[in-house]
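Before any comments, here is the structure.
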Amino acid sequence: MFATLKNAWHIAELRKKILFTLMIIVLFRIGSGIPVPFLDTAKLQEMVQGSGNLFGYLDVLSGGAFAQATIFALSITPYITSSIVIQLLTVAIPALERMAKEGEEGRKRIQKITRYVTVALALLQAFAYYTMVRNQFGAVNYTTGWQSVFAALVIICAFTGGAMLIVYMGERIDEHGIGNGISLILFAGIVSRGPAALRTFWGHMTLNNFNFGSIATVIGMVIVFLALVVAIIIMTNAERRIPVQYAKRVVGRKMYGGQSTFIPIKVNMSGVMPIIFASSLLAIPNTIRLFVHPTPGGFWDSLLGAFNYTTIWYAVLYFVLILAFNYFYVAIQYNPIEMSNNLRNNSGTIPGIRPGRPTSDFIARIISRVTLIGGIFLGLVATLPIILGKLTALNVSLGGTSVIIVVGVALDTFRQLESQMMMRHYKGFLE
């Protein structure tokens, strides 16, 4: 990793791209510290107390900007939601599906639609955020008269503008920097939570007067974290290769085909999407609890309390939902029948499997087994912080979702660096 960075730094063009990317990330972190006027940030801390509600989840993704009510409080959540919605609609709406198959031009049109949906979602989320902090927490300084209207406009416009500015910054990284811009901004927000985790560990040891048990707990957590990173790297790169043999074809005086290759099926095909879906769904009951304030000990209090982040019931349901969403996400991304038809149209076959229906059934079985392994892995990673919290009584703020995102973005960025270095190497060789 360090050797890749060192070699890339010696190339002037890559050095400019790295510096541009770092500049955008610094601007993002500066914007994450600029507060929106007319809001009392001290009262907003109540929203993210604990990790069982949607606001705590959004605060992790925004790098703490959500609880501080800064201009980047919404972070990239409107864009992520918009991208997921458009991606799902691409499967359901034939017009979008045709657009997605039109190559680069179709991709640009879908990207434009995604931006429009992002603006609408950002306005909706900003309005909902303002309404919540005004009515539920009394965090808006002006609630009557023309001052309240002006304050509402400023707050909603600031949140919406901040969300769209993040999208613009991410797209500039795509054009002039290194890596995926939106992913890198999400990466920067999550990594910024690292010092808070270190302070938690230090406070745990200080509270226990640095006894053997507290030190052993912290060391054990660090070992588990490093082992988790290694496991995520292995599973991210793991793949099941389906062998493919192409028949020989004679075109004119030349012979084509005859080579052997494979279809790579990634073990973790869906990335963190199943975790995001499951965690967002399970965060809804605790978010409702903040609004309705059920009677302690009553039916609704017991029902909504069952979805508390620290309970075993939550961990079991979380695991099952991740597994289900993993199958759902893979099902809309991969079509075994289409893959089988593409192989047959290109004179390709899987050794020992007849073309047509047997090939599609074979590919479906492979994808199903790989999806099960990937889903179990994602479920274990996502529920690990809950288990560790039960065993150590520590609030593990950097959960499995965050680690998967950080590791995945880092691997993808370094792959892009290596590929660009290789392109320049071959270019110089040919010249």
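The values are calculated or read from the model by the stated rules, or taken from the named source; none is laboratory data. The structure presented is a predicted model; accordingly, all values stated were derived computationally and were not measured. Neighbour counts run over all protein chains shown; Cβ positions are idealised from the backbone, glycine included.
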Residue pairs qualifying under the 6 Å Cβ cut-off, at least six apart or on distinct chains, with the first in the range 97-114 being closer than 15 Å to residue 82 by Cα and the second being aliphatic (A, V, I, L, M) and exposed (fewer than 13 other Cβ atoms within 10 Å of the Cβ), are none
Here are some conditions: (1) farther than 19 Å from residue 170 by Cβ; (2) under 25 Å from the mean Cα position of the chain (by Cα); (3) surrounded by 12 or more Cβ atoms within 10 Å (Cβ to Cβ). Residue 101 meets all but one. Which one does it not meet? (3)
Out of (1) β-branched (Val, Ile, Thr); (2) at pLDDT 75 or above; (3) surrounded by fewer than 20 Cβ atoms within 10 Å (Cβ to Cβ), the one residue 48 does not meet is (2)
Unique match (being at pLDDT 85 or above and either within 25 Å of the chain's Cα centre (by Cα) or hydroxyl-bearing (Ser, Thr, Tyr) (or both)) among 173, 155, 190: 173
In this structure, is residue 163 among the hydrophobic types (A, V, I, L, M, F, W, C) and either at pLDDT 80 or above or assigned to a loop (DSSP other than H, G, I, E, B) (or both)? yes
So residue 102 clears everything in (1) within 26 Å of residue 334 (Cβ to Cβ); (2) of a type outside the set (A, V, I, L, M); (3) in contact with a Leu (Cβ under 6 Å, 6 or more places away or on another chain); (4) not in a helix (DSSP H, G or I) except one condition, right? Which one? (3)
Answer yes if at least one residue in the range 105-114 is at pLDDT 85 or above and among the hydroxyl-bearing types (Ser, Thr, Tyr), and no otherwise. yes
Among (1) at pLDDT below 80; (2) touching a Ser or Thr at 6+ places or on another chain (Cβ under 6 Å); (3) closer than 30 Å to residue 237 by Cβ, which single condition is residue 333 missing? (2)
Members of the range 262-284 found to be assigned to a helix (DSSP H, G or I) and of a type in the set (A, V, I, L, M), listed by number: 273, 275, 276, 278, 281, 282, 283, 284
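Which of the following residues is part of a helix (DSSP H, G or I), modelled with pLDDT of 85 or more and basic (Lys, Arg): 424, 415, 365, 354? Step through it out loud before you land on a result.
Details: 424 fails: modelled with pLDDT of 85 or more; 415 fails: modelled with pLDDT of 85 or more; 354 fails: part of a helix (DSSP H, G or I).
From the options 424, 415, 365, 354, the qualifying one is 365.
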Enumeration of residues in the range 1-27 that are of a type outside the set (A, V, I, L, M, F, W, C) and either assigned to a helix (DSSP H, G or I) or touching a Gly at 6+ places or on another chain (Cβ under 6 Å) (or both): 4, 6, 7, 13, 15, 16, 17, 21
Qualifying positions in the range 147-176 - of a type outside the set (A, V, I, L, M) and under 30 Å from residue 412 (Cα atoms): 159, 160, 161, 162, 168, 170, 171, 172, 174, 175, 176
For the list (1) closer than 30 Å to residue 84 by Cα; (2) at pLDDT 75 or above; (3) surrounded by fewer than 15 Cβ atoms within 10 Å (Cβ to Cβ); (4) of a type in the set (Val, Ile, Thr), I need the number of the one condition that residue 232 fails. (3)
All-but-one check, residue 66 against (1) closer than 30 Å to residue 313 by Cα; (2) modelled with pLDDT under 75; (3) part of a helix (DSSP H, G or I); (4) not acidic (Asp, Glu), failing number (2)
What pairs can you find where one residue is in the range 9-33 and within 15 Å of residue 186 (Cα to Cα) and touching a residue at least 12 places away in the same chain (Cβ under 8 Å), the other is in a loop (DSSP other than H, G, I, E, B) and aromatic (Phe, Trp, Tyr), and their Cβ atoms are less than 8 Å apart, with a gap of 6+ or different chains? 28/72; 31/72; 32/72
Could you please tell me which pairs satisfy a Cβ distance under 9 Å, a separation of 6+ or placement on different chains, a first residue in the range 231-250 that is free of Cβ contacts under 8 Å to residues at least 60 places away in the same chain, and a second residue that is exposed (fewer than 12 other Cβ atoms within 10 Å of the Cβ) and not hydroxyl-bearing (Ser, Thr, Tyr)? 239/264; 241/264; 248/255; 248/258
Give the residues of the range 168-182 that are surrounded by 21 or more Cβ atoms within 10 Å (Cβ to Cβ) and assigned to a helix (DSSP H, G or I), sorted by residue number. 169, 170, 173, 181
